[in-house]
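The values are calculated or read from the model by the stated rules, or taken from the named source; none is laboratory data. Source: prediction; values computed, not measured. Don't worry about glycine lacking a Cβ; one is built from the backbone with ideal geometry, like all the others, and counts go over all protein chains shown. All accessible areas refer to the heavy atoms of the entire protein, side chains included, with ligands and DNA or RNA removed. Shrake-Rupley method; radii C 1.70, N 1.55, O 1.52, S 1.80 Å.
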Amino acid sequence: MSALKYALSLLALLVVSTWAEERPVSEILWEANKDVVRTEDEPYVVDDIAYDNEMERNADPCTSRGCMWGKSGDGKIYVPYTVSSQYSSRERSIIDRGLQSFSGFSCIRFVKRSNQRDYLSIQSLSGCYSFVGRTGNSQTVSLSRQGCLYHNTVQHELLHALGFNHEQTRSDRDQHIRVLLQNVQSGMQHNFNKIATLNQATPYDYNSVMQYHKYAFSKNNQPTMVPIPNQNAVIGKATQMSQNDITRLNRLYKC
Ligand SMILES: [Zn+2]
């Protein structure tokens, strides 16, 4: 290969990877999860949230059973984790960067598990998903090597594990978005159920990494969510956690 060709292919790689990193999290999740077939060993999953059973899916486990990780004497929240050996070193570094990012803006510290009872088991299973909040014992966070390994998806799934739901299911969402169920694919309407979420007095945030884009689960290329009052407002394009995501996390855990 000539030097020029080599340089061009490097440039193309850079453009593609930059582009991918800037894709909104909800598009990445949709793409990664749309055709997955889960195995019997995997939990019951709706969209990208895992549940112990089907009955739980309309509740916020943080209000129904408690979901928080415990605070240590030094004021930090240590969340133990393991990472499967299936990942390459490049993939592993994306996961590590996501885990470590929390120490830059919160009291959350993801730490390698030694013998703690409750921990996150990060694995490449079918698609991207997590339970909401601490479930007790080992809990799976699936970050599939096929499509889930981006900074924003790692942060998104970890926020689920720390106790947060999607922005569009927030208890106060009807003041900020109008959900158009008539445009939602059949069988997907439950993704827009409102939940008694813990909003921590933070405003509804179109730029949250937990907010889906306007066309999420659309069956007809028409929007499924329209912002109120400015229907042209940009929603669901976050490429990383917003300031509100950070504030809400810090308030929940009293960092
Ligand atoms: Zn999610």
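Between amide H atoms placed 1.01 Å from N, distances below 5 Å from ALA50 occur with SER130, PHE131, VAL132, all of them 5 or more places distant or on a separate chain.
Where both partners of a DSSP beta bridge lie in the chain, what percent of those bridges are antiparallel, to the nearest 5? If you can, show how the numbers build up before the last one.
On the way: 11 of 26 bridges.
Bridges in the chain are about 40 percent antiparallel.
Note on the range 94-181: Cα-Cα pairs beyond 19 Å make up 45% of the total pair count.
The H on the amide N of ILE108, modeled in the peptide plane, is under 5 Å from the matching H of ILE77, each at least 5 residues off or on a different chain. A cut-off under 12 angstrom between Cβ atoms defines the neighbours of PRO223, and their net charge, with Lys, Arg +1 and Asp, Glu -1, is +3.
At the residue level, ARG251 shows approximately 110 square angstrom of accessible surface with a 1.4 angstrom probe and all protein chains present. Rolling a 1.4 angstrom probe over the range 184-225 with all protein chains present gives an accessible area of which 49% lies on carbon and sulfur atoms. When both the range 101-120 and the range 68-88 are represented by their alpha-carbon centers, they are found 2 Å apart. Which of LYS71/LYS194; LYS71/LYS112; LYS34/LYS214; LYS34/LYS194; LYS112/LYS254; LYS34/LYS219 have a Cα-Cα distance over 19 Å? In this structure, LYS71/LYS194; LYS34/LYS194; LYS112/LYS254 exceed 19 Å between Cα atoms.
Normalising the Debye intensity of the chain to I(0), with uniform scatterers on Cα atoms only, and taking log10 at q = 0.09 Å⁻¹ returns -0.40.
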